[in-house]
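Chemist: Before I ask anything, here is the structure I am working with.
The values are calculated or read from the model by the stated rules, or taken from the named source; none is laboratory data. Worth saying up front: this structure is predicted, and the values here are computed from it rather than measured. No Cβ is skipped: glycine too gets one built from the backbone with ideal geometry, and neighbour counts run over all protein chains shown.
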């Protein structure tokens, strides 16, 4: 994945995960990370993470044509919310990557040619691009694992930690 490709955050799960992993402050500083104005306006609150940090995300707005398209796609799909659909449309129209924890949106987006990333892949990307150190990446994963509300399978977190630990032996 190209670090310069726009990343559209589609839901608060990613933000909360990155906040719980203590790397949200570094992720928000990336020039290519955006959040839709609707998600930022309607879904962000103190339960999501540090609101002052979250407000630093660049906002991307849907056009009136994109909003009109929501209803067409909504009729053709099951289980996607209007928020999911507008984020898919924005990502598609901006050649962007979707950052989501929503499985239905992931499946629909990938089926329709949109790349999707999730929390562990974001942490891996940040480590590989030198945005966070290998040690910070390991600590981020450990923080996710210790969080009682994590939705990420512990086996996935453990395998990512092992991958990063191997990297620190090589380095």
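Chemist: Could you pull out the residue among 114, 73, 138 that is closer than 20 Å to residue 7 by Cβ and either in contact (Cβ under 8 Å) with a residue 60 or more places away in the chain or in contact with a helix residue (DSSP H, G or I) (Cβ under 9 Å, 6 or more places away or on another chain) (or both)? Break it down into steps so the answer makes sense when it comes.
Modeler: Values: 73 fails: closer than 20 Å to residue 7 by Cβ; 138 fails: closer than 20 Å to residue 7 by Cβ.
Matching residue, one of 114, 73, 138: 114.
Chemist: Report, by residue number, each residue of region 126-151 that is part of a helix (DSSP H, G or I), at pLDDT below 95 and either at positive phi or buried (at least 20 other Cβ atoms within 10 Å of the Cβ) (or both).
Modeler: 126, 127
Chemist: Same structure again: Quick check, is residue 124 closer than 15 Å to residue 99 by Cα and in contact (Cβ under 8 Å) with a residue 60 or more places away in the chain?
Modeler: On the way: closer than 15 Å to residue 99 by Cα: yes; in contact (Cβ under 8 Å) with a residue 60 or more places away in the chain: no.
Answer is no for this residue.
Chemist: Right, something else. Of the residues 117, 54, which single one is touching a strand residue (DSSP E or B) at 6+ places or on another chain (Cβ under 7 Å) and closer than 30 Å to residue 164 by Cβ? First the steps, then the outcome.
Modeler: On the way: 54 fails: touching a strand residue (DSSP E or B) at 6+ places or on another chain (Cβ under 7 Å).
Result of the check over 117, 54: 117.
Chemist: Sticking with this structure for a sec: Residue 154 fails exactly one of the following numbered conditions: (1) over 15 Å from residue 35 (Cβ atoms); (2) surrounded by fewer than 20 Cβ atoms within 10 Å (Cβ to Cβ); (3) free of Cβ contacts under 8 Å to residues at least 60 places away in the same chain; (4) within 18 Å of the chain's Cα centre (by Cα). What is the number of that condition?
Modeler: Result: residue 154 fails condition (4) only.
Chemist: Which one of these is in contact with a helix residue (DSSP H, G or I) (Cβ under 7 Å, 6 or more places away or on another chain), surrounded by fewer than 17 Cβ atoms within 10 Å (Cβ to Cβ) and at negative phi: 25, 84? Show your work before the answer.
Modeler: Details: 84 fails: surrounded by fewer than 17 Cβ atoms within 10 Å (Cβ to Cβ).
So the residue among 25, 84 that is in contact with a helix residue (DSSP H, G or I) (Cβ under 7 Å, 6 or more places away or on another chain), surrounded by fewer than 17 Cβ atoms within 10 Å (Cβ to Cβ) and at negative phi is 25.
Chemist: What are the residue pairs meeting all of these: first residue in region 94-109, first residue on the phi > 0 side of the Ramachandran plot, second residue surrounded by fewer than 21 Cβ atoms within 10 Å (Cβ to Cβ), Cβ atoms under 9 Å, and 6 or more apart or on different chains?
Modeler: Listed by first residue and then by second, the contacts come to 95/5; 95/6.
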